[in-house]
1. Name the pairs whose Cβ atoms lie under 7 Å apart, with the first residue in the stretch 1-24 and β-branched (V, I, T), the second in a loop (DSSP other than H, G, I, E, B) and surrounded by fewer than 17 Cβ atoms within 10 Å (Cβ to Cβ), and 6 or more positions between them or separate chains?
2. Which residues, counting only those in the stretch 42-61, are under 20 Å from P20 (Cβ atoms) and surrounded by fewer than 18 Cβ atoms within 10 Å (Cβ to Cβ)?
3. If I ask for residues that are among the charged types (D, E, K, R) and outside any strand (DSSP E or B), which ones from the stretch 34-89 would you list?
4. Name the residue that is farthest from V21 (Cα to Cα), counting only residues in the stretch 67-88 that are surrounded by fewer than 17 Cβ atoms within 10 Å (Cβ to Cβ) and out of contact with any helix residue (DSSP H, G or I) (no Cβ under 8 Å at 6 or more places or on another chain).
5. Please work out which residue is modelled with the lowest pLDDT, limiting yourself to the stretch 14-36 and to residues that are surrounded by 15 or more Cβ atoms within 10 Å (Cβ to Cβ) and in contact with a helix residue (DSSP H, G or I) (Cβ under 8 Å, 6 or more places away or on another chain).
6. Among the numbered criteria (1) open to solvent by 90 Å² or more (accessible area, probe 1.4 Å); (2) out of contact with any strand residue (DSSP E or B) (no Cβ under 8 Å at 6 or more places or on another chain), which single criterion is violated by R5?
Amino acid sequence: MKTIRIANGQGFWGDSLEAPVQLVERGPIDYLTLDYLAEITMSIMQKQRARDPRFGYAYDFIGVMARILPACVEKNIKVVANAGGVNPQACAAAVADVARSSD
């Protein structure tokens, strides 16, 4: 039987930004999960998107991805996150920008 190692680096939006970095750098993991959403978070994100349609997601996720993406690619770590909130398309585009800039 194959062992799969799953680590969780965030428990809510605003949680330590160092935790996912440390997990990727220090641990032998296969998957990194990042949980950003709760009911109050969704309402905050909806208000952000109403003010500016480019927002509505956990924008600190983009900075985390910029920090960990090269190591995740090197170590074949898959990232699973719900950081997209009420605007997953904008979040995905921002992560794609990070990926293109790290090439």
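The values are calculated or read from the model by the stated rules, or taken from the named source; none is laboratory data. If you're wondering where the values come from, they're calculated on a predicted model, not measured in any experiment. Backbone-built Cβ (ideal geometry, glycine too); neighbour counts: all protein chains shown. SASA here: full protein model, heavy atoms, side chains in, ligands and nucleic acids out. Shrake-Rupley method; radii C 1.70, N 1.55, O 1.52, S 1.80 Å.
1. Between residues of the stretch 1-24 that are β-branched (V, I, T) and residues that are in a loop (DSSP other than H, G, I, E, B) and surrounded by fewer than 17 Cβ atoms within 10 Å (Cβ to Cβ), the close pairs are I4/D30; I6/D30.
2. Y59, D60 - these are the residues of the stretch 42-61 that are under 20 Å from P20 (Cβ atoms) and surrounded by fewer than 18 Cβ atoms within 10 Å (Cβ to Cβ).
3. D35, E39, K47, R49, R51, D52, R54, D60, R67, E74, K75
4. Going through the qualifying residues, I end up with P88.
5. Y36
6. If we test R5 against (1) open to solvent by 90 Å² or more (accessible area, probe 1.4 Å); (2) out of contact with any strand residue (DSSP E or B) (no Cβ under 8 Å at 6 or more places or on another chain), just (2) comes out false.
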